[in-house]
Amino acid sequence: MGESQSRYSIVERLTQSKLDIMTAKTRVKDEITKAVQRVKTLEIDMKEDKKVIQDEADKQKRELDVTYRNAEQDVDNLKERQESQEKLYDDKIKAIDNALKQLEEISKTSPTSS
């Protein structure tokens, strides 16, 4: 009977060793599966982040384009305003010059009292 118990305990230890090895093997597979899944998740996140970053960059570019076009329009408006103001000032200068000429003519023909 002692011999059969000895065989039984050897079989039991070997079976337990086999189960431990199979469990370890399964853990390794599970670790690899989890690592692969993590890589896939990170890849999806990275693609989404790249899209968000690209969208933000596109938005900023559009905003800069609008700001630039507005600045150009401001320059054009100022140039038009300058032209109309210069014309107005030129007209005023002409009117003053005419008034001065008339005064000069009046002065030439008027007797001066001394």
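The values are calculated or read from the model by the stated rules, or taken from the named source; none is laboratory data. Model, not experiment: these values are computed from the prediction. Please note: Cβ atoms are built from the backbone with ideal geometry, for glycine as well, and neighbour counts cover all protein chains shown.
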Original post:
In this structure, is V11 at pLDDT below 95 and surrounded by 10 or more Cβ atoms within 10 Å (Cβ to Cβ)?
Top reply: yes
Got at least one residue in region 22-29 being part of a helix (DSSP H, G or I) and within 44 Å of the chain's Cα centre (by Cα)? yes
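Matching residues to (1) surrounded by 10 or more Cβ atoms within 10 Å (Cβ to Cβ); (2) touching a residue at least 12 places away in the same chain (Cβ under 8 Å); (3) more than 60 Å from the chain's Cα centre (by Cα):
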position	(1), (2), (3)
E3	no, no, yes
D20	yes, no, no
E31	yes, no, no
E48	yes, no, no
R69	yes, no, no
N77	yes, no, no
K94	yes, no, no
A99	yes, no, yes
